[in-house]
Structures are given as structure tokens and as C-alpha cells.
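One structure is given here, and the rest of the page talks about it.
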Amino acid sequence: MGDGRGPDALRGLTVAVVGLGYVGLPTALALWGAGAAVVGVDTSARRLNDIREGVVDLLPAQHALLACAENTRDLLLTTDADAVRDADAVVICVPTPVTADHEPDLTALRTACASVVERAVPGQLIVLTSTSHVGTTRDLLIRPLAARGLTAERDVLVAFAPERIDPGNARHTPETTPRLVGGAGPLASRAAAFLLAATAAEVHEVAGPETAEMAKLWENVFRAVNIALANELSDACLHLGLAPLPVIEAAATKPYGFLPFYPGPGAGGHCIPCDPYYLLGQLPDAGRQDTERTDTGGTAAGRTTAGPSAPVVRAAMAALRERPARIAARAAELLRADGVRPAGARILVLGVAYKEGVSDIRESPALRLLALLAEQGADVHYSDCHVDSLDIAGRALRSVPRPREEHWDLVVVHTAHPDTELDWLDRAPRVLDTRHRRPAPATAR
């Protein structure tokens, strides 16, 4: 059977990918590139149309792969969930966001898993990739399948293999990143490892789904805590009259015990602002005296008052939520220092996507920042070559195409895309760089 590597490693297999978002589409293309016939299933006809037209966030190499795949019969895009019945393997890649109250929202995941379970057939491999609570794979797949009479390891194979996709980053493609696999048993682990080996640098098998689920949460909690810490220490540097970036670079010369993280406007996107809450949802909240259950669809562990409350993680998430407010307050300070009232000031937020090189604005700190500046009475605008329009507090905004040609009382640098011009900022009267990559905020004298 081989090790799953090579351009034809999956030749003869049909793989259904459920959910064609930022994870599912690159996954489908990687599987197609390894020789599989791929059926992409998504509930959104609009999303499928965008994929067919190529209007999607992908790296250049992935766009080329998509163009090639669309000229074959081995990539089928459909909204028909029944298409999964004929697949040898099913890979579930749906979003797991949080609500406005920072509670895990499993609506899409429950629906997708229930749909796959309903249509599962003996002999199939089912791989879940969506980040969620520890126990989700067992609760939403293994137990419901058993209720249908399909026992894991005997009738069907089930595994959890968390996605590791860094959108817009050509240095960290799925194919160059190791992949974790935790099967419900040794057969599932080997089958999932074989399937995914062609799409990853290597496959690391762990004891079971729960270990892989916790590893994924650990990865992103680690990032959230360190981003919050980098922001806090950068503020301390500024208070002491030091530029943060040279301090970070100096600390990073230590070859052990240190990993550089950099300050910014907060955390946005699909992982850092959301995933830690899937862990916190299963831990006791020290501020609550009741006992709650956060049911993931079966018998997942809930939140109780006994056990660790993770105060460091909670503090980090609170700090990330508050970051846009701190930036808005700093913006007002800069304006007032020069005698400019925030109310009526023309403020440009440069870049609103949550990270460089993508058009994704999910959980972007820029959205909250724009709203807070507008609440101060500022005349807010934004410029982002990847985001054409926004709705902020009921006001429709469109990206300013040539910001260098207009007067701004203050420019707030939020996201600097690789193709964003920044040289004109040297002539702007006031610049607040949330990333601290430019000299300390200057004011016109």
C-alpha cells in the first residue's frame, strides 16, 4: 500500500471533503494533487461558484492547482450531501467559531457530522479536522455511528487530524507542515496517516482522538498567551522609552528557552480568538459558583467548579479582547497631544484583514477598532487592497484606493499586506503603528 507519498499515492481513491472554506479547499486540492478523485461538498452554492471562478484566498501555487483540477473530471463540487456515500474516505473541514459571548458554537460541526454519520457506509474512513472540545470526535462521530450499528475499527474507521493551515503564508503550506493523526484504533490511525501523508511533510500518530484534539488546542492556546504577552511587554518597553522590536530581536538570539512573538492590534481569524474558548468551555470558571454542562452532542465533559480554572489563559484572552480599546485610546491621546479633537478627526485604518496577504476579516481587531474610533466621533476610513467594503456600526465603508493622496489627521497601521505602500507614511502628520515596526508614533510640530 506504500507510505501515502508521491503524486499518484492516492490514485484510485475517492475522497469527499465536507466544507470548502479556508481549510477544506486547500485540503481538497492537496488530495487531488496526490491522485485522488475529490468530491467537494459545501452547503453554500455561492462558495462553490467563487471556487469555480477562482475568487478565493489561495497561494499562487494553489490557484494553479485549482485551475488544473477544474479541467479534469476528478474534482466535483456539489451541495448534495449524498455524494459522500460513494467516497472511500470523508474529510470534515467545517468552521468552529464562537458566539458574541465567546461561547463555542458547534452548529456547523454538529450539522456536518450528523450528515456524514447518516450517510456513512461500511468500509469508509472518516477524518475530522475541525478544532473543537476534547471528546468531540467520540461524541459527534464514534457514538452516533455506533447508534447506527457501525462500530469504529470494525465497520468504519474514524480519526481526528487537526488542520494546520496558515492562510497566505507560502513558507508554511500544508505540504511542508507535519500532521497529527489520532485514530479511534490502530487501523483508523494507519488509514488516516496513509491518506494524509501525501498532503503533509510527515504524519505523527498519537494515542487517540482526544490526544490530537488537546494537542491542537494546546498549540493555539500557546499562541494566544504569547501574543498577549508580547503586547504587554511591548507596552512596557514603550513606557520605558524603548523600541520593542530591537528588544525582541535581542532576546531571540538566545538559542533555547525563547520563541519570539511580536506585538500587534490583537488577534483575529479563525483560530486564536476562538480555539482557546473550546478548552475553557470544558474547565471550571473560578468566577462561577454553579455547575454547567457544555454538551458537544453526546457526553462530552462539561464545565464544573472542580478542577483547574486556567486563569492565565483567561487573562490572555481578556487582554486580546481589550487590545483594540487600548489602541483607540492611544489614538485619541496622539490627537489631543497636538491639539486635535478626536471628534471630527479624519482617521485612516491601514489594512483591516486579520493578517497579511488574505482578505479574511473574521474576528479582525480592525472591526472593533473602527467602531471604537467612530464612537469617539472620528471620521473613520480604511484602505485595504484585499477588502473592498465593510459595514461598521451600520455605516457602509469602502476601501480608499489611494490613501496617500488624501489628508489624514492620523493613520493607524493595522495590517500591512505585502503589496501595501508604506513610504508615504513618512509624510503623514501622525502615525500609530499597532505592530511597533515603525519609529515611535510621531506628531506634527
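The values are calculated or read from the model by the stated rules, or taken from the named source; none is laboratory data. All values reported here derive from a predicted model rather than from experimental measurement. Glycine gets a Cβ as well: all are built from the backbone with ideal geometry, and neighbour counts include every protein chain shown.
R154 meets the conditions (1) modelled with pLDDT of 95 or more; (2) under 30 Å from S359 (Cβ atoms); (3) of a type in the set (D, E, K, R) in every case but one. The failed one is (2). For first residues located in region 298-316 and within 9 Å of L283 (Cβ to Cβ) and β-branched (V, I, T), partners that are part of a loop (DSSP other than H, G, I, E, B) and at pLDDT 75 or above and lie 6+ apart or on another chain with Cβ distances below 7 Å form the pairs T304/P284. Screening V15 with (1) under 16 Å from A197 (Cα atoms); (2) at pLDDT below 95 gives one miss only, at (2).
Tell me yes or no: at least one residue of region 177-190 is among the aliphatic types (A, V, I, L, M), over 23 Å from the mean Cα position of the chain (by Cα) and assigned to a helix (DSSP H, G or I). Full working, then the answer.
We begin by selecting, within region 177-190, every residue among the aliphatic types (A, V, I, L, M); these are 180-181, 184, 187-188.
Those still in the list that are over 23 Å from the mean Cα position of the chain (by Cα) too: 184, 187-188.
Cutting the leftovers down to assigned to a helix (DSSP H, G or I) gives us 187-188.
Among the residues of region 177-190, at least one is among the aliphatic types (A, V, I, L, M), over 23 Å from the mean Cα position of the chain (by Cα) and assigned to a helix (DSSP H, G or I), which makes the answer yes.
Tell me, please, whether a residue that is closer than 23 Å to T14 by Cα and out of contact with any strand residue (DSSP E or B) (no Cβ under 9 Å at 6 or more places or on another chain) can be found in region 196-214. Looking for residues that are closer than 23 Å to T14 by Cα and out of contact with any strand residue (DSSP E or B) (no Cβ under 9 Å at 6 or more places or on another chain), one finds at least one in region 196-214, hence yes. Here R430 fulfils each of the conditions (1) in contact with a helix residue (DSSP H, G or I) (Cβ under 8 Å, 6 or more places away or on another chain); (2) within 21 Å of G357 (Cβ to Cβ) apart from (2). Examine region 394-415 for a residue that is closer than 17 Å to V358 by Cβ, free of Cβ contacts under 8 Å to residues at least 12 places away in the same chain and of a type in the set (D, E), and state whether such a residue exists. No, region 394-415 has no match at all.
Restricting attention to region 375-401, the residues that are assigned to a strand (DSSP E or B), surrounded by 12 or more Cβ atoms within 10 Å (Cβ to Cβ) and out of contact with any helix residue (DSSP H, G or I) (no Cβ under 6 Å at 6 or more places or on another chain) add up to 6.
Yes or no, residue by residue, for (1) on the phi > 0 side of the Ramachandran plot; (2) among the aliphatic types (A, V, I, L, M):
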{"site": "L65", "(1), (2)": "no, yes"}
{"site": "A69", "(1), (2)": "no, yes"}
{"site": "V90", "(1), (2)": "no, yes"}
{"site": "T96", "(1), (2)": "no, no"}
{"site": "S115", "(1), (2)": "no, no"}
{"site": "A120", "(1), (2)": "no, yes"}
{"site": "G135", "(1), (2)": "yes, no"}
{"site": "A159", "(1), (2)": "no, yes"}
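Within the set L75, L58, L106, L65, the sole residue that is farther than 21 Å from P174 by Cβ and either at pLDDT below 95 or touching a Gly at 6+ places or on another chain (Cβ under 8 Å) (or both) turns out to be L106.
Within region 187-238, the only residue that satisfies the criterion of being small (G, A, S), farther than 28 Å from Y262 by Cβ and touching a Phe, Trp or Tyr at 6+ places or on another chain (Cβ under 7 Å) is A212. E163 satisfies every condition listed in (1) charged (D, E, K, R); (2) without any contact (Cβ under 8 Å) to a residue 24 or more places away in the chain; (3) part of a loop (DSSP other than H, G, I, E, B) except (2). Residues of region 108-140 that are assigned to a helix (DSSP H, G or I), in contact with a strand residue (DSSP E or B) (Cβ under 8 Å, 6 or more places away or on another chain) and hydroxyl-bearing (S, T, Y): S115, T136, T137.
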